[in-house]
Amino acid sequence: MTRALFHSALLFVFLPGATPQTVEGIVLDAGTGGPLKDAVVSVSHEAPPKGATSLHTGNHLGSSATTSDDGRFRLAAPDGIPFHLQVERPGYV
């Protein structure tokens, strides 16, 4: 069974003053609202295609993190250029 992936269930905190900047947050299951363990969060540098339903862009900047038991992640992201986060976990779309 495939489950929906938390379309708007990411919480981001941007910490200024560091290059690269730190991005941290919590990944939640859209259906249950509970934390999503073992999801991989990656930084991409290009915007997703207009109308895309996925955060996937395929242009990774090399920074990624796996969520903890409570769905938390922390990773480095570029400072001064637009970026997007991609979140993947087997069994979710």
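Of note:
- A cut-off of 5 Å between modelled amide H atoms, ignoring neighbours fewer than 5 places along the same chain, links ASP29 with GLY34, LEU36.
- Environment charge at SER63 (Cβ cut-off 13 Å; Lys +1, Arg +1, Asp -1, Glu -1): -1
- Over all other residues within a Cβ to Cβ distance under 14 Å of PHE73, the charged ones net out to -1, with Lys and Arg as +1 and Asp and Glu as -1.
- HN-Hα J in Hz across segment 24-37 - Karplus 6.51, -1.76, 1.60, θ = phi - 60°, x for Gly and Pro: 9, x, 10, 9, 10, 6, 5, x, 9, x, x, x, 10, 7
- Residue-span extension gain [ASP38 to GLN21] - 0.36 nm each, minus C-alpha spacing: 3.8 nm
- Counting only protein chain heavy atoms and rolling a 1.4 Å probe, the accessible areas of LEU28, LEU85 rank, largest first, as LEU28, LEU85.
The values are calculated or read from the model by the stated rules, or taken from the named source; none is laboratory data. These numbers come from a predicted model, not from an experiment. Glycine gets a Cβ as well: all are built from the backbone with ideal geometry, and neighbour counts include every protein chain shown. Just so you know, the surface numbers come from the protein's heavy atoms only, side chains and all, with ligands and any DNA or RNA stripped out. Shrake-Rupley method; radii C 1.70, N 1.55, O 1.52, S 1.80 Å.
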